[in-house]
Amino acid sequence: LDIIHIDPWKKYPELNAGIEETLHNMNMIYDINPKVLFEVGTEEAIRKFTPDELNELLKKASEFDFFDNIKYAVVQSGVGIDLGKRINTGKYDEARLSEFIDVCKYWSIMSKEHNGDYLTNQEIKDKFNVGLDAINIAPEFGQLETLCYLEHMGDDIEDYYKICYDSKRWEKWVDDDFVPEDNKEELIKICGHYVLSDKKFLSIKPDIDGEIKTRIKNKLRELCQKI
């Protein structure tokens, strides 16, 4: 891989332990491949960071040979996503984002925010105007592909549903009263993009790669033109 995101923070939420694990993994990978690039830090849904904490991570990383290989640091501005409802959540804090960006600039590392899904073009533009370098938009594009498959499958979604259900990737995105059998299409929309490489899905997926590529390109053009 050209670039690897080192993100142990779900298992190591305590600052010093998370930093130690991050540095250990980067050092090990760098010894194997000194050309690999890194992304460090994590999104707010996994562990809420302060700008000072990110600075501490980068300060300690600067003592290692692999420091110049860090391309991105994850920054936070108070937002997250609800994949079940397909909305962006939380409250955007421009001042907080600006502080994170200042930390990245001090260390000459590019800033990247996760959970950029389901934002308006203007909201994304506002973040870049503050100085953000990059933004992750993943589930929204994955769901775009899922919707294409659903359109072509029509009412014949039982196999796709079963693959998604068995993956259990939908569980963390729904409320306790969610009944899968009564919401098969909704369940697929929530986690269909998680199973796109599943061998069972590959055996049933419609041959519409060209259409999916066109839709993704159109969405990217729309974002780029307005940002």
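When the label point is put 7 Å from the Cα of Phe64 along its Cα-to-beta-carbon vector, which residues of segment 1-27 have a backbone N closer than 11 Å? Within reach of a label on Phe64, which here means backbone N under 11 Å from a point 7 Å along Cα→Cβ, segment 1-27 contributes 6-7, 19-27.
When both segment 1-63 and segment 155-200 are represented by their alpha-carbon centers, they are found 32 Å apart. Calculated FRET efficiency, Ala17 to Asp156, Cβ-Cβ distance, R0 = 41 Å: about 0.25 to the nearest 0.05. If you take semi-axes √(5λ) of the Cα gyration tensor in Å from the coordinates, which of [x] 34, 20, 18; [y] 30, 21, 15; [z] 51, 19, 16 do you get? Among [x] 34, 20, 18; [y] 30, 21, 15; [z] 51, 19, 16, the one derived from this structure is [x].
Under a model in which nothing but the beta-carbon of Lys, Arg (+1) and Asp, Glu (-1) is charged, the chain shows a dipole of about 580 debye around its Cα centre.
Rounded to a whole number, what % of the accessible area of the chain do carbon and sulfur atoms account for, probe 1.4 Å? Answer for the chain: carbon and sulfur cover 47 percent of the accessible area. Per residue, the average separation of C-alpha pairs within less than 8 Å and at least 6 apart gives the chain a relative contact order of 15 percent. Per residue, the accessible area of the chain comes to 56 Å², computed with a 1.4 Å probe over protein heavy atoms only. Filter the trypsin sites (Lys or Arg not before Pro) in segment 18-55 down to the DSSP loop ones having no more than 13 other Cβ atoms within 10 Å, then list what survives. Hits after loop and neighbour filter: Lys35, Lys48.
For the chain, what is the calculated [θ] at 222 nm in deg cm²/dmol (nearest 500), taking -39500 (n - 2.57) for each run of four or more DSSP H residues and dividing by its residue count?
-14500 deg cm²/dmol
Extents of segment 1-91, taken as max minus min of Cα coordinates on every principal axis and listed largest first, are 43, 27, 21 Å. Sparse packing (at most 16 other Cβ atoms within 10 Å of the Cβ) combined with a DSSP loop state is found for the following trypsin sites (Lys or Arg not before Pro) in segment 129-227: Lys168.
DSSP loop chymotrypsin sites (Phe, Trp or Tyr not before Pro) in segment 3-60 with at most 15 other Cβ atoms within 10 Å of their Cβ, which ones?
The qualifying sites: there are none.
In segment 119-196, inverting the average of 1/r over every pair of distinct C-alpha atoms gives 14.1 Å as the Kirkwood radius. Full extension of the chain between Leu1 and Thr50 gives 14.7 nm of extra length, using 0.36 nm per residue less the Cα-Cα distance.
The values are calculated or read from the model by the stated rules, or taken from the named source; none is laboratory data. Nothing here was measured: the structure is a model prediction, and the numbers come from that model. Glycine gets a Cβ as well: all are built from the backbone with ideal geometry, and neighbour counts include every protein chain shown. Only protein heavy atoms, including side chains, enter the accessible area calculation; ligands, DNA and RNA are left aside. Shrake-Rupley method; radii C 1.70, N 1.55, O 1.52, S 1.80 Å.
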